[in-house]
Structure formats: structure tokens, C-alpha cells
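Structure, as C-alpha cells:
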Amino acid sequence: MILTGPEIIAAVADGRLRIEPFVHGQVNPNSYNVRLGETLMIYTDPVIDAHRHNTTRSLRIPDSGYELQPGELYLGHTQERVGSDVFVPLLFGRSSVGRLGLFVEITAPIGDIGFYGQWTLMLSPIRPLRVYSGMRIGQIMFFLSVGPVDLYHGKYQDARGPQPSGYWRDPIPAIAS
């Protein structure tokens, strides 16, 4: 079951859902709008290697905005810190942003129960696009889980700002022979 707007408001009020800062005007009929934070991160290595830490550079989005370029992956973040020990969050780009040619969170929209923090956003424009800190960039829907819950305690817990991939820290699975 997906939470409706009024249920999102009720869940924030009684603590089943945490959204900080919470703005009533960002509640939709069945989702909550999240805004783009002030920092973007870009990988600087010519080839990104999944099995090692990759270098990055961060930049602050100026008040005049920042022009994203095609062919580049930008890691952004939500202004809001969002999470729940009860509901499963899913984050998607807003349709208005998609209509500008910006892909947001295409491969990893699901959050874990127990995660709380700013969400890292994977941003990929199909043509040059100016973005601004504070723009409504995505929406999070919340689903009720069924069954026992094992809360998230992973490497991205309590994230602040964009987080580069931590895949390199994951154990490498054995290859069967």
C-alpha cells in the first residue's frame, strides 16, 4: 500500500516517518517533493573503477544556478533528510524535471527501512541544463512493508551531501568453478 498525502502528514506528525525540514506545501496526493541540495559531486578519474575508491570533486551550486552537461554523471543530494523505520521509500524524478531532459535516480530509487539522511541523487542530463539549489527535483513515495523488519545499518546511514559509490567496500563474491 502506498501512503496518501494526508497519511504522509499524519506519519510525520506521529514519528513513523521523518522528513526534515518538513514543508506542508511539498506534499502531493501520494508523494512528497524533495529539493536539490546545494552541493554537486563529479568523478574526476577518466575511468570509474567499481573495485576501488574513485576521486571526486565537489562544487557548490551558485545562486545563478549550475549548467549540467550531457555525458557527465553528477551526484547531487536532497535538502531534506528522509527516512522511516516503518515505511519503504522510493524516490523518482518529478515529471516536470524529466520533461527538461534530466534523468534523476534511474537505477536506484528504493531506500531501505531504517535509513535516515539526505538522499544522493544521480543526475544525468540529455542536453545542457541549468539547475538550482532548492528546486523541486524529485518525489518520494512511501510503501507499507509486510513481514519482519531488519533495519538498515549500512555505509550510507546518516548521509549529508552527495555520497560517492561505496561499492568498492563490498566483499567481492567468490566465482564458482
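Just so it is clear, none of the values below were taken in a lab; they were calculated from the coordinates. Since this is a predicted model, take the numbers as computed values, not measurements. As a convention, Cβ positions derive from the backbone with ideal geometry for all residues, glycine included, and neighbour counts pool all protein chains shown.
Given only helices, namely DSSP H runs of n ≥ 4 each adding -39500 (n - 2.57), what is the per-residue ellipticity at 222 nm of the chain, to the nearest 500 deg cm²/dmol?
On the way: 2 runs with 14 residues, N = 177.
Value at 222 nm, helices only, nearest 500: -2000 deg cm²/dmol.
What is the Å³ per residue value for the convex hull set by the Cα atoms of the range 1-85? Let's see the in-between values first.
Numbers: hull volume 14.2 nm³, N = 85.
Per residue, the Cα convex hull of the range 1-85 comes to 167 Å³.
Of all the options Ile48, Ile106, Ile137, the one that moves most in a Gaussian network model of the chain with Cα springs shorter than 10 angstrom is Ile48.
Simple point charges give the picture: +1 on the Cβ of Lys and Arg, -1 on the Cβ of Asp and Glu, and for the chain a dipole about the Cα centre of about 360 debye.
The structure shown yields Rg and Dmax of the Cα atoms in Å, and of the options (1) 16.9, 56; (2) 20.4, 74; (3) 32.2, 115 that calculated value carries the label (1). Taking the Cα atoms of the range 104-177, the ratio Rg/Rh between the radius of gyration and the Kirkwood radius comes to 1.03.
Computing Rg and the Kirkwood Rh from the Cα coordinates of the range 57-126 gives a ratio, Rg/Rh, of 1.00.
With loop membership from DSSP and a limit of 12 other Cβ atoms within 10 Å, the longest segment of the chain without trypsin sites (Lys or Arg not before Pro) is 100-154.
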